[in-house]
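The values are calculated or read from the model by the stated rules, or taken from the named source; none is laboratory data. This structure is a prediction, so every number in the text was calculated from the model and none was measured. Cβ: placed from backbone, ideal geometry, glycine included. Neighbour counts: every protein chain shown. Protein only, heavy atoms only, side chains kept; ligands, DNA and RNA dropped before computing areas. Shrake-Rupley method; radii C 1.70, N 1.55, O 1.52, S 1.80 Å.
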Amino acid sequence: MPTTPGPITPTTPAALAGKIADLVVDRPGRRVRMALDGAPPTRPEELATEAAAQLRARGRDVLVVAAADFLRPASVRLEYGHTDVDMFLDGWLDERALCREVLAPAAPDGSGRVLPRLWNAELDRAYRDDYRTLADDGVVLLSGSLLLGRGLPLDLSVHLRMGPAALARRTAEAERWTLPAFERYDRERDPAGEADLLVLADHPDRPAVRD
């Protein structure tokens, strides 16, 4: 991780996905677990899908996992209400299940038997997905928000940073209650410093990379 800010290089979403694929390819012959972390308006899921396509074109087995499919049941997640900032920041993600079903088996020395999705938060019930076996050099791309600085076993991470003003403009009115959680996340967990690759994403269609 860089210790001092580097130069900022404008890029495109496709080129950024290629740079992310390069980070994985630089670790040949082993499984890789990478997080693509960013607030919803930065569109981490879209970037994960594009990076996965580029990795598959290079011969890697890839599984894209959405953190939103590993949330806790509503009875736990919403115990203190639908807009509790503390729970949103620290209590919505089922970290133990994510590690047990995805990140631990996807480790270089893991079994490779991973579960693509666990919990349908919209219907508040479990998915019925089958396990799938990840190749010995397979890749898990975990996309979502508020993922870094919480001790998840990851090999690489990308943080899509959107400044507070841009995030406020691009967040739907019904979701604006989450803004204090993202402010705390930046301040308390320093995802920009935690990440292996920092992407400036005030304009997701015109990202820039801080080298």
Quiz item: From the list 195, 121, which residue is touching a residue at least 40 places away in the same chain (Cβ under 8 Å) and farther than 25 Å from residue 83 by Cα?
Solution: 195
Self-check item: Residue, nearest to residue 133 (Cα to Cα), within the range 49-89, restricted to residues that are out of contact with any Asp or Glu (no Cβ under 8 Å at 6 or more places or on another chain), acidic (Asp, Glu) and surrounded by 14 or more Cβ atoms within 10 Å (Cβ to Cβ)
Solution: 69
Quiz item: Quick one: which strands (runs of 3 or more DSSP E) sit completely within the range 1-76 and have at least 1 residues that are touching a Gly at 6+ places or on another chain (Cβ under 8 Å)?
Solution: 32-38, 62-66
Quiz item: Can you name the number of the only condition in (1) open to solvent by less than 50 Å² (accessible area, probe 1.4 Å); (2) within 19 Å of the chain's Cα centre (by Cα); (3) over 21 Å from residue 184 (Cα atoms); (4) of a type outside the set (Asp, Glu) that residue 41 fails?
Solution: (3)
Quiz item: surrounded by 14 or more Cβ atoms within 10 Å (Cβ to Cβ) and modelled with pLDDT under 95, is that true of residue 27?
Solution: yes
Quiz prompt | Evaluation of residue 89 against (1) touching a residue at least 40 places away in the same chain (Cβ under 8 Å); (2) farther than 23 Å from residue 196 by Cα (one fails), failing number | solution = (2)
Exercise. State the number of residues belonging to the range 189-199 that are open to solvent by 10 Å² or more (accessible area, probe 1.4 Å) and within 15 Å of residue 145 (Cα to Cα).
Key: 5
